[in-house]
Structure formats: C-alpha cells, structure tokens
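Colleague: Just dropping this structure here.
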Amino acid sequence: MIKPEKTINGTKWIETIQINAEERATLEDQYGIDEDIIEYVTDNDESTNYVYDINEDDQLFIFLAPYALDKDALRYITQPFGMLLHKGVLFTFNQSGIPEVNTALYSALDNPEVKSVDAFILETLFTVVVSFIPISRAITKKRNYLDKMLNRKTKNSDLVSLSYLQHTLTFLSSAVKTNLSELDRLPKTHFGVGADQDKIDFFEDLQIEGEQVQRMFEIETQVVDRIDHTLNSLANNNLNDTMKFLTIWSLTMAVPTIISGFYGMNVKLPLAGMQYAWMLTLGISVVLIVAMLIMLKVWRKM
C-alpha cells in the first residue's frame, strides 16, 4: 500500500506498507526508483545497513525492529524497515507492517521539534530503539515468574515459555547489537557530514539509548540462560533420584526371586523337606535384603 503524500517541513514523504508488484512498478515508473533498490529495501532477510549512492545522491537506511509473532507468549523476531532519500523525497518501507515502525513514523511527524527530514529520520530511529524496552521489561516479568517456579514442580508449559524467552532474546539481542553498530557508524557517514550541534546531540542520544537497550538484553539473556541451566540441573537431579530408587527397588526384589528360584527346582535341596521350609526361604530373603541395604548405605549408594 502506498499512502498519500505527506510533507515534513517542505519535504515530500511517501509511506509504503506491504507493497505488491503493481505498487513496486508505480515506484519505479512514477518516482524513478531502481528495481534493485526496491528489492533490497523490501527484503525481509536484510540486516541493518546504511548506503550512500554518490552518483544519485541517494541515502538508504535499513534498521531492524521487533516483530511480534505472539505477544502473549512473548514470541518475537525482528524484521527490517527502510527509509530512502531519493531526489529530495523521503520514502519509507514497512514491508512487514510492523506496528512499532508505524508508531515511530507518526510520532516523529507529530513532534513539533522535528524541523527537518534528517531530524525526522533520527527521531524515528530513536523511537524504534526505545520500542525494544517494553519487550525487555515484559521478559523480565516473565523471567521473575519462571524463577519463582524453581522451588515448585516445573510444568511443561513453563519450559515452553522459557524456550520462547530464549528464542526472543536471541533475535532481539542480535538486532539491538547490529542496530547499535550502525548507529555508532552513522555520524561518520555522508548522513553525518557537516552535522550541526543539534544533530550531533541527537546522534549521542541515539547511541546512549542503544547502549542501554543492549545492556538490558545482555543481562536478560544471561539470567534466562542461568535459569535454563538450573532447571536442567534440577531435572537431571530428579531423574537421578528416580533411577536410584528404581535400581534399589529392583535389587531388593531380585533377592527373594533368587532364593525362591533355587527352592523351586525339581531337585532335592537342603532343608527342602521341612514342614516350614517356605518360612525359612522367606527369612533368608529378608536377611539378605537387610544386609544388602546396609551395605548400600555404608557405601553411600543410597
């Protein structure tokens, strides 16, 4: 979808969301954007990048934003969005329809302090970076709940939730890291050449916020990994206790089986002709079982 043109202090802004083949052709024919650029900026597998075409004087920004697969389960991945400055017109590409990107764009548009297209781009990037923070806080809340469950019986649903957290943290941590790397590089690119003090300050704010978000996700990743390690240790310990009990129980049951097996043979055995021979076999079994349990206890196998 290509939305109607808007202006940012005299600069045209063309907003696109999940464009189809016909709309791609419109961008090529009406605005003169190369097909390769459109393919690049709408590729959902692209990573963070900044490209400056010195011949066309075009600037292309690609950044990653959080994309919710299931908000309730905290299942997130990341998807790219793009901004293109082409022939004095700003084009934005939100091919995945990311709500956080839409919010960031219109927040920048409604901000009275945004007085240039460069400020609009930086304000949009700032809001996208900040959009990672509520997700981090939700992960912290869920992680605290799972941490409390360590002292209780762990359910399969808790293990699935922990797995979702690990997947989400993997995607978002990687995205935050690559975004921050590009934000650190941005002042050294053509976009940062000749920047005034306001723009320099905005670059610094972006970097500071990006570093803060990165630290938040690094901490959450470490804590969630430790919870996962603890849960695995508890599960292994419980399994070891169960196997120990079953082993001792099987050894205990093997003793009377061996004794009764001897006296169940069709041959004459000592004391087999006694009236209460069965009590004798029972007594021998009990004595051997008690002796075996004492030996296991002494050898610290129990």
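The values are calculated or read from the model by the stated rules, or taken from the named source; none is laboratory data. The model shown is predicted, which means the values in this text are computed figures rather than measured ones. A quick note on method: Cβ atoms are made from the backbone with ideal geometry, for glycine too, and the neighbour counts reach across all protein chains shown. SASA here: full protein model, heavy atoms, side chains in, ligands and nucleic acids out. Shrake-Rupley method; radii C 1.70, N 1.55, O 1.52, S 1.80 Å.
Colleague: So in the range 66-107, with the set limited to residues that are assigned to a strand (DSSP E or B) and either among the charged types (D, E, K, R) or out of contact with any strand residue (DSSP E or B) (no Cβ under 6 Å at 6 or more places or on another chain) (or both), which one is most open to solvent (accessible area, probe 1.4 Å)?
Modeller: Arg75
Colleague: Look at Glu22 and say whether it is surrounded by 13 or more Cβ atoms within 10 Å (Cβ to Cβ) and free of Cβ contacts under 8 Å to residues at least 40 places away in the same chain.
Modeller: no
Colleague: Something else: Can you name every residue in the range 108-118 that is in contact (Cβ under 8 Å) with a residue 24 or more places away in the chain and either open to solvent by less than 20 Å² (accessible area, probe 1.4 Å) or of a type in the set (D, E, K, R) (or both)?
Modeller: Passing the criteria: Val114, Lys115, Asp118.
Colleague: Can you tell me which residue in the range 141-177 is farthest from Ile54 (Cα to Cα), limited to those that are hydroxyl-bearing (Ser, Thr, Tyr) and more than 15 Å from the chain's Cα centre (by Cα)?
Modeller: So, considering only residues that are hydroxyl-bearing (Ser, Thr, Tyr) and more than 15 Å from the chain's Cα centre (by Cα), the one farthest from Ile54 (Cα to Cα) is Thr154.
Colleague: What are the residues in the range 171-185 that are without any contact (Cβ under 8 Å) to a residue 40 or more places away in the chain and open to solvent by 60 Å² or more (accessible area, probe 1.4 Å), if any?
Modeller: Listed by number, the list holds a single entry, Lys177.
Colleague: Okay, moving on. If Tyr276 satisfies every condition in (1) open to solvent by 50 Å² or more (accessible area, probe 1.4 Å); (2) of a type in the set (Ser, Thr, Tyr); (3) modelled with pLDDT of 75 or more but one, which is the exception?
Modeller: So Tyr276 meets the others, but not (3).
Colleague: Still on this structure, I have one more. Taking Gly194 as the residue in question, decide whether it is under 21 Å from Tyr50 (Cβ atoms), not polar (S, T, N, Q) and not in a helix (DSSP H, G or I). Break it down into steps so the answer makes sense when it comes.
Modeller: Numbers: under 21 Å from Tyr50 (Cβ atoms): yes; not polar (S, T, N, Q): yes; not in a helix (DSSP H, G or I): yes.
Criteria met by Gly194.
Colleague: So if I check each of Ile121, Ile98, Ile77, which one is within 25 Å of Asn20 (Cα to Cα) and without any contact (Cβ under 8 Å) to a residue 60 or more places away in the chain?
Modeller: Values: Ile121 fails: without any contact (Cβ under 8 Å) to a residue 60 or more places away in the chain; Ile77 fails: without any contact (Cβ under 8 Å) to a residue 60 or more places away in the chain.
Within the list Ile121, Ile98, Ile77, the selection yields Ile98.
Colleague: OK, next. With respect to Gly261, determine if the residue is over 30 Å from Asp147 (Cα atoms), at pLDDT below 75 and part of a loop (DSSP other than H, G, I, E, B).
Modeller: Judged against the criteria, Gly261 is not a match.
Colleague: Restricting attention to the range 108-138, and to residues there that are assigned to a helix (DSSP H, G or I), over 18 Å from the mean Cα position of the chain (by Cα) and among the hydroxyl-bearing types (Ser, Thr, Tyr), which single residue is farthest from Thr170 (Cα to Cα)?
Modeller: Only one residue fits best here, namely Thr124.
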